[in-house]
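Student: Structure below; questions to follow.
The values are calculated or read from the model by the stated rules, or taken from the named source; none is laboratory data. Note that the structure is predicted; figures quoted are calculated from it, not measured. When the accessible area is computed, the model is the full protein with side chains, heavy atoms only, and any ligands, DNA or RNA have been set aside. Shrake-Rupley method; radii C 1.70, N 1.55, O 1.52, S 1.80 Å.
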Amino acid sequence: MINLTTIRKKLESLNPDYLEIIDDSAKHRGHAGYQSQFPSHIRIIINSDAFQGQTPIKRHQMIHALLKEELEGGLHALSIKANTPTLTTTTTA
């Protein structure tokens with residue numbers, strides 16, 4: 001089963017300076033992929049030095065790799081803003 005605590009623990013392995021996980025599932029009630037039993041649509045905002053030198057695509061791939069089990073287990077939609085701490089104020093990826 002997917003839960004936000006497990007997702008947070010996995011993302012914390014990137015040692016983020018900032019991490020926000022927003023469950024947007026309720027906004028998608030009645031849409032494809034919606035699950036009432038667990039989060040199905042989430043947004044992640046994360047700033048980490050682990051993204052230094054990585055392209056936006058690579059940053060997303062890193063997060064997808066960490067959340068592979070959740071994505072295969074019913075997490076339907078994942079929105080990601082992944083930055084280095086120095087990029088936080090100017091851009092989002």
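Student: Provide the solvent-accessible area of ARG8, counting protein heavy atoms only and rolling a 1.4 Å probe, rounded to the nearest 10 Å².
Tutor: 90
Student: What ³J(HN,Hα) values, in whole Hz, does the Karplus curve 6.51 cos²θ - 1.76 cosθ + 1.60 give for the range 68-74 when θ = phi - 60°, with x put for Gly and Pro?
Tutor: Coupling constants for the range 68-74: 3, 4, 5, 5, 7, x, x Hz.
Student: Any idea of GLU69's accessible area? Nearest 10 Å², probe 1.4 Å.
Tutor: So the heavy atoms of GLU69 present about 140 Å² to solvent.
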